C-alpha cells in the first residue's frame, strides 16, 4: 500500500530506486516512471550482513552523481529498514537534506493475519542483523517478529541462531505477502523454516 504523499512523490520522480522488486506494491507504481531495483545486490552479495551497506552505497552514489534520488522501500521506511538508516546517517555527514515519507508498515498486516495484538509486547528484529550471532538478542518470553526473511538461505542461517535459544520443534509462523490478496501464514517447526515451498 502506498500513501497519497508517497504516490505523489513517486509519480513526479524522474526515476525511482527500489530496495526490492519482490513486493506486491511494485505492480501498483505510477506508470511511465523508470524504476531501478537493488535485487542484484541481494543475489550477488555473499555476506548477507553487507547487503544493506551496499544498497545504501548505491543510492548515495546515485544522489551524488545526479543531485537527488527517490528511493522507496516496502512498508514504512522507519520500520525495520536498515538501508534507510544508513543512507540517512551518511547523508547527514555529507550535509545533504533527506526527506523521508512515512508509509504503511508490514507490522500491522502481519499481526492482523496472526490475529494478535502487539500488546502486551512484541520484539521486532531484522533477520540479517542477527543471523550471524551465536545467540539471538531477544527474550524468549516475548513474541518476536523477524523482518527480511526473504530467502531459504536467510531462513537457514536464521534458524541456526534461533535454535541456540528456542527448541527446534517450536512452531513458528512464516508470513508471506502480508497486506496483499496473496497473504499466507504457514506454521512450521523452527527446524523446518528453510523448507517452506513458498
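The values are calculated or read from the model by the stated rules, or taken from the named source; none is laboratory data. All of these numbers come straight from a predicted model, not from anything done at the bench. Cβ coordinates were reconstructed from backbone atoms using ideal geometry, including for glycine residues, and neighbour counts include every protein chain displayed.
Quick one: would you say residue 128 is part of a helix (DSSP H, G or I), outside the structural domain of residue 68 (by TED's automatic domain parsing) and within 29 Å of residue 69 (Cα to Cα)?
When the stated conditions are applied, residue 128 passes them.
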Whichever residue in region 42-61 is buried (at least 16 other Cβ atoms within 10 Å of the Cβ) and at pLDDT below 95 and, among such residues, is nearest to residue 22 (Cα to Cα): 42
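The rows are residues; the columns are (1) crowded, with 17+ Cβ neighbours inside 10 Å; (2) over 16 Å from the mean Cα position of the chain (by Cα); (3) modelled with pLDDT of 90 or more.
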site	(1), (2), (3)
63	yes, yes, yes
71	yes, no, yes
85	no, no, yes
97	no, yes, yes
108	no, no, yes
113	yes, yes, yes
129	yes, no, no
Filter result for the condition that a residue is out of contact with any strand residue (DSSP E or B) (no Cβ under 8 Å at 6 or more places or on another chain) and not assigned by TED's automatic domain parsing to the domain that holds residue 179, over 30, 34: 30
The one condition in (1) in contact with a strand residue (DSSP E or B) (Cβ under 9 Å, 6 or more places away or on another chain); (2) at pLDDT 90 or above; (3) in a helix (DSSP H, G or I) that residue 25 fails to fulfil: (2)
Which listed residue, of 146, 124, is farther than 15 Å from residue 176 by Cα and under 19 Å from the mean Cα position of the chain (by Cα): 124
Failed criterion for residue 169 (all others in (1) under 19 Å from residue 187 (Cβ atoms); (2) at pLDDT 95 or above; (3) out of contact with any strand residue (DSSP E or B) (no Cβ under 7 Å at 6 or more places or on another chain) hold): (3)
Single match in 156, 180 (criterion: outside the structural domain of residue 23 (by TED's automatic domain parsing) and over 28 Å from residue 27 (Cα atoms)): 156
Positions within region 115-125 being under 24 Å from residue 84 (Cβ atoms) and part of a loop (DSSP other than H, G, I, E, B), in sequence order: 118, 122
Scan of region 13-22 for residues that are part of a loop (DSSP other than H, G, I, E, B) and either touching a strand residue (DSSP E or B) at 6+ places or on another chain (Cβ under 6 Å) or closer than 12 Å to residue 72 by Cα (or both), ordered by number: 13, 15, 19, 20, 21
Qualifying residue in region 5-12 (condition: assigned to a strand (DSSP E or B) and without any contact (Cβ under 8 Å) to a residue 40 or more places away in the chain): no
Entirely in region 141-198, the strands (runs of 3 or more DSSP E) that have 3 or more residues that are crowded, with 17+ Cβ neighbours inside 10 Å and without any contact (Cβ under 8 Å) to a residue 60 or more places away in the chain: 144-147
